[in-house]
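Take a look at the structure set out below.
Where a number appears in this text, it was derived from the coordinates with a stated rule and is not lab data. Everything quoted here is computed from the prediction, not taken from an experiment. All Cβ positions, even for glycine, are placed from backbone atoms using ideal geometry, and neighbour counts span all protein chains on display.
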Amino acid sequence: MRRAGVFRIAAALWIFLVLPAGRSSAGEEIAISLDEAVRMALARNLGLAVETFSPAIAATAVRRAGAIYNPSISLATEHRGEDFRLVPDEPAVARSRFFDANLSLDRLLTSGATAKVSFENLFSRGSGAASRFAQPELSVSFSQPLLAGRGEEVTGRGITVARDARESAAAEWRVRALSVAGEARDAFFSLVKSREEQETRRASLAVARQLHAENEARVRAGVLASIELLDSEFGVARREKDLLEAENDVLERTDRLRVLLQHPGAGPLVPGGPLPPARIEFSEKVATETALRMRPDLEAVRVALRTEEFQARVSRNLALPSLAVTGSAGLQGLSAGYGNSLDDLASGETPFWSIGLSFAYPLGNDAAMADLAEARLKAARGRASIRSLEASAALEVRSAIRDMETKFRAIEVSGKGVALGEARLASFLKRGKIGLATTKDVLEVEADLAAARDAQTAARADYQGAVTRFYRSTGELLEVHGIRIGGKEIEAMAWKELR
């Protein structure tokens, strides 16, 4: 059943973990609607909680990959010295001492170029006056690839791959969420079926007890053989046993639903709230288009194909020769004092520059060509996988539609069976009162009615199971229950666990 409202998973967590409505004392019945069961399963399912961390972990990889554009600053100092003789066999020794203090900032640009700004300082202190000086130098250098490695697509390939992995992780989470929602619906309707069967057993027992009471009165009045009383006693005993088994089945299915939902209440869960309509309207064409657009498994495969096609483009670029233009320019100063040397640098009278080309190409280039061939083959495989999965999705939708039609037809047939059983029971009860039907006949007809009601209950539950499979095949099971959740919301849920 579709809902107009859109619920975020954070709201679901708040509703079910904070509000006290879902809690009750032991033994008190807890009403729970289908929408509540699905949202609670998504909010508390332990397997889904584990899967929730994957998109958040993938998001950290995006940040890590983007770090290639972070500027890098470095500072280096060095003090070195040397003592040496100016003339062989002479006692005179010259002494030189040098001190370097260098600061640089470099960064990778989106074009693939590397740029660097350096400020270097050389201080010399030697024996002679000419060896006492300060030499600062300010320079800018760059290297820009012209073929292999050129462009933002190639430079930031790690970021693109990480972003795709992030989307893929979110799609895988939604695949798991669809499975959990389907399990919650199946468990909910299984409990509905069990409780309806329990009511059928109670109704059967009530009929048997009423028949037995009437038989006792008629036997005492001498208008009915005592053997009929034995038949009615057996009928009551058998239906009491059937009711006990039905009650145990309700408890079993309640426990299964409670475990699936991780429900904190101690009382029995009672399905309530508005149930889905008896029949949903659909169009095979629209359903197939919806499946191709919304199914998260298809989304994950499409993201994988996008990554593989991207890798093929990158590999094609990296197979090109390495050709880069390099250049540098700067100013330098020289003086006996550091302050004067800075003035000399600022005057711009002693500039320097360089520009050049560098070329490299491995003969044969086998590694790059093998990478390119592998990437192209993987992309072709991905396209084939999508075609196969799209065909499977369309087949699954058609199969689900046929299954719904069959199951709905079973509801119509079982309804006629119940109507027939009720009419026959009413007829045999009247005939029994005038001696035209035995107690055994009446109990057999009542058992047929109970079986018809069970068949109707099973048909309704089977139809809802078919509806669940239909919405899973179209990928809109969460939206049917008013739940929309994107990758950022999933990541927020994971980070919330760390607080």
Inset, instruction - Sort out which residues of the stretch 81-104 are aliphatic (A, V, I, L, M) and either surrounded by 10 or more Cβ atoms within 10 Å (Cβ to Cβ) or in a strand (DSSP E or B) (or both), and write them in order of number. - result: L86, V93, A94, A101, L103
Inset, instruction - Scan the stretch 341-373 for residues that are assigned to a helix (DSSP H, G or I), surrounded by 11 or more Cβ atoms within 10 Å (Cβ to Cβ) and without any contact (Cβ under 8 Å) to a residue 24 or more places away in the chain and jot them down. - result: D343, D344, A346, A367, A370, A373
Inset, instruction - Please determine, by comparing only the residues of the stretch 419-429 that are of a type in the set (A, V, I, L, M) and surrounded by fewer than 18 Cβ atoms within 10 Å (Cβ to Cβ), which one is nearest to L318 (Cα to Cα). - result: A419
Inset, instruction - Go through (1) closer than 22 Å to E196 by Cβ; (2) of a type outside the set (D, E); (3) out of contact with any helix residue (DSSP H, G or I) (no Cβ under 6 Å at 6 or more places or on another chain) one by one and return the number of the condition A266 breaks. - result: (1)
Legend entry - Residues of the stretch 353-399 classified as among the charged types (D, E, K, R), under 36 Å from the mean Cα position of the chain (by Cα) and under 20 Å from V314 (Cβ atoms), total: 6
Inset, instruction - State the number of residues belonging to the stretch 198-228 that are surrounded by fewer than 17 Cβ atoms within 10 Å (Cβ to Cβ) and aliphatic (A, V, I, L, M). - result: 9
Legend entry - L147 not charged (D, E, K, R) and not in a strand (DSSP E or B): yes
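Per-residue answers, yes or no, for (1) within 31 Å of the chain's Cα centre (by Cα); (2) free of Cβ contacts under 8 Å to residues at least 40 places away in the same chain; (3) assigned to a helix (DSSP H, G or I):
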| position | (1), (2), (3) |
| --- | --- |
| D249 | no, no, yes |
| D255 | yes, yes, yes |
| V259 | yes, yes, yes |
| A266 | yes, no, no |
| F282 | yes, no, no |
| L298 | yes, no, yes |
Legend entry - Filter result (out of contact with any helix residue (DSSP H, G or I) (no Cβ under 7 Å at 6 or more places or on another chain) and of a type in the set (V, I, T)) within the stretch 394-427: T406, V413
Inset, instruction - Examine the stretch 46-67 for a residue that is farther than 30 Å from L498 by Cα and of a type in the set (A, V, I, L, M, F, W, C), and state whether such a residue exists. - result: no
